[in-house]
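Novice: Below is the structure I would like to discuss, written out as structure tokens.
The values are calculated or read from the model by the stated rules, or taken from the named source; none is laboratory data. A quick note: this is a predicted structure, and the numbers were derived from the prediction, not measured. With ideal geometry, Cβ positions are generated from the backbone for all residues, glycine too; neighbour counts draw on all protein chains shown. Calculation scope for accessible area: heavy atoms of the full protein, side chains included, ligands and nucleic acids excluded. Shrake-Rupley method; radii C 1.70, N 1.55, O 1.52, S 1.80 Å.
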Amino acid sequence: MVTIVIPWRPQPSRLAAFDAVVAWYREELGDVPVLIVDSDDDVFNLARCRNLGVGRLADPEEVVVIGDADTIPEGGALREAIAAAATSGRVHLPYTEYRWLGAAGTAQHAAGIPLADCDHEVVRGACSGVYVTTPATWASHGGQDERFRGWGFEDAAWHVAHETLLGEPPRRHEGRVFALHHVAELREGPNYEANAALMARYRAAATLPAEMRRLLTGDAEAHSQPEAQPVE
């Protein structure tokens, strides 16, 4: 059993990408459950939505694909990650190359050009976009920190926590993911500054499991758990 979780709050520039991502999962994986997840936060909280989606699975050993609403993986790498994540106790990333298509590449894809042939930029060091895990594995290193609000740093912090608490970085599978174009979020303001400060605490706790556990549990905020909604 596999469930797809897609954090999502509608924005005009993101609608086409969202539709393309959901259609890809339907075509590639067939009739799998797809949960579209938002929270009751005023500012979209991507980390919280990911945690909420994983928390909706009743079986702690069920495989869940947490996919961003603008990012499409390759089928072969995704299937390899799904098979491995069921028993590894680690989170899997179904790519070794992250391609951002931008406006030009996204328009090419919409016109029928295969994703692999579209104009793009390679994003070095990317660790977001698509995660493959189980609820048990996700909980074992704290999931994602819901104190990250607005844009920025929740993925990098999660990566540090995974490596520190599980003894290795997330496991990658040879392949590519393709991020579709939308209006970029602002990388400034109070939320961004608070996220950057919290990320500095993660860097300071890197390689120190006890410090990392304290960071994850010491002052995390409690949240209610609104329902995730299945795609019709």
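Novice: Quick check for me: using +1 on Lys/Arg Cβ and -1 on Asp/Glu Cβ, what's the dipole size of the stretch 94-222 about its Cα centre, in debye to the nearest 20? Kindly include the intermediate steps, with their values, before the conclusion.
Specialist: Numbers: 12 positive and 17 negative charges, 47 e Å.
Dipole about the Cα centre, nearest 20: 220 debye.
Novice: Between Cys49, Cys127, Cys118, which gets the highest mean-square fluctuation from a Gaussian network model of the chain, Cα cutoff 10 Å?
Specialist: Of the options given, Cys118 has the highest mean-square fluctuation.
Novice: Counting only heavy atoms of protein chains, what accessible area per residue, in Å², does the chain have with a probe of 1.4 Å?
Specialist: On the way: 10750 Å² over 232 residues.
Spelled out: the 1.4 Å probe surface of the chain, per residue, equals 46 Å².
Novice: I'd like the distance between the alpha-carbon centres of the stretch 5-46 and the stretch 151-203, rounded to an integer number of Å.
Specialist: Their Cα centres are 19 Å away from one another.
Novice: Okay, moving on. Separation between the Glu168 and Ala200 pseudo-spin-labels, each 7 Å from Cα along Cα→Cβ, expressed in nm?
Specialist: It works out to 3.4 nm between the two label points.
Novice: Report the dimensions of the stretch 1-147 along its three principal axes from the alpha-carbon atoms, largest first, rounded to Å.
Specialist: Sorted from largest, the Cα extents of the stretch 1-147 read 40, 37, 32 Å.
Novice: Only Lys, Arg, Asp and Glu count, each charged at its Cβ (+1, +1, -1, -1), so figure out the dipole size of the chain about its Cα centre, rounded to 20 debye. Present the calculation step by step, with values, prior to reporting the outcome.
Specialist: Details: 20 positive and 34 negative charges, 112 e Å.
In total the dipole reaches around 540 debye.
Novice: Okay, next question. Can you work out the FRET efficiency for the pair Ala110 and Val32, with r the C-beta to C-beta distance and R0 = 25 Å, to the nearest 0.05?
Specialist: On the way: r = 24 Å, r/R0 = 0.97.
Efficiency at R0 = 25 Å is approximately 0.55.
Novice: Of Thr71, Phe18, Gly53, whose Cα points farthest to the positive end of the dipole of the stretch 1-145 (charges on the beta-carbon: +1 Lys, Arg; -1 Asp, Glu; origin at the Cα centre)?
Specialist: It is Gly53, whose Cα lies furthest towards the positive end.
Novice: Could you state the angle between the C-alpha long axis of helix 190-205 and the longest principal axis of the C-alpha atoms of the chain, as a value from 0 to 90 degrees rounded to the nearest 10?
Specialist: 60 degrees
Novice: Once the convex hull of the C-alpha atoms of the stretch 116-190 is built, how many Å³ does it hold per residue, rounded to a whole number?
Specialist: Numbers: hull volume 9.7 nm³, N = 75.
Output value, Cα hull per residue: 129 Å³.
Novice: Here's a follow-up. Rounded to the nearest percent, how much of the accessible area of the chain (1.4 Å probe, protein heavy atoms only) is carbon and sulfur? Walk me through the numbers on the way to the answer.
Specialist: Numbers: 5790 of 10750 Å².
Answer for the chain: carbon and sulfur cover 54 percent of the accessible area.
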